[in-house]
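Worksheet: the structure to be examined is printed underneath.
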Amino acid sequence: MAEEKSAPDWYHEWKHEAFHQLMDKQDRLEADYGLNTWPRYDYDVDAGRLTFSQDGVVKVMADIQVVGTIGSKDWLWAWANDHWPDHVVADMEEVVSFGETHGILELISGYVTDTDLNQLGWKLTAVAVRILNAVGAYRPPSETGALFLLIKSIRLVN
C-alpha cells in the first residue's frame, strides 16, 4: 500500500516563501506602526481587536483573527479550539479549505506537532497570512504557551 503524502511537492517551498513574506510584512508593520515600541498591548477576542497604547491612550488599532496556539506539546488551530468564538476564527475556514483542496494535512489537522513549536506557530501563521492576504501577525508575549493572531487591518488612532 502506498503511503499517503502529507502535502504536495510544491508546498514546502510555498510555505517557506510565505514565511519570508510575513517577515517583510512584520518589518513594514514595525516601521509604520511601531508595534514593539508601545508600552501596552491589549486584545479583545470578542471584539476581534488588538490595540497598542501609551499612558492609557490607544495609538494603534488592528482587526484580528485568532490563528492558533502552541502549548507544551503541539500547535492547535483556532478553528479546532472550542474556546474561541466563531466570528474570530471564521477566516481560518479558508485556510482549511485551501488545505483540503491541495491535500495539505497540517492545514486540516486540528493539532500539529513539531520539535520547535514556536517556529511551527510562526510558519503556520505565515501560511494563514498568505492565504488570507492579511497585513501581518502578532504573538502576544507569554511565559506559557503562545497565541498567534492574524492582523487583517491596522490603523493609527489619535
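FYI, it's all coordinate maths here, none of it is from the lab. All figures in this text were calculated on a predicted structure; none of them were measured in a lab. Note: ideal-geometry Cβ built from the backbone for every residue, glycine included; neighbour counts use all protein chains shown.
Starting from one equal scatterer on each C-alpha and no solvent at all, send me the Debye-based log10 I(q)/I(0) for the chain at q = 0.09, 0.15 Å⁻¹, two decimals.
Taking Cα atoms of the chain as identical point scatterers yields -0.29, -0.79.
Using Cβ counts within 10 Å as a stand-in for footprinting exposure, how do Y111, Y11 rank, fewest first? Before the final figure, lay out the partial values.
Numbers: Y111 14, Y11 20.
Lowest count first: Y111, Y11.
Along Cα→Cβ, 7 Å out, is where each label goes; now give me the distance between the ones at V57 and E100 in nm to one decimal.
4.8 nm
Can you pick out the pairs among K25/K73; K123/K152; K25/K152 whose Cα atoms lie more than 23 Å from each other?
K25/K73
If I build a Gaussian network model for the chain, linking alpha-carbon pairs within less than 10 angstrom, which residue out of D46, D55, D63 has the largest mean-square fluctuation?
Greatest mean-square fluctuation among the candidates belongs to D55.
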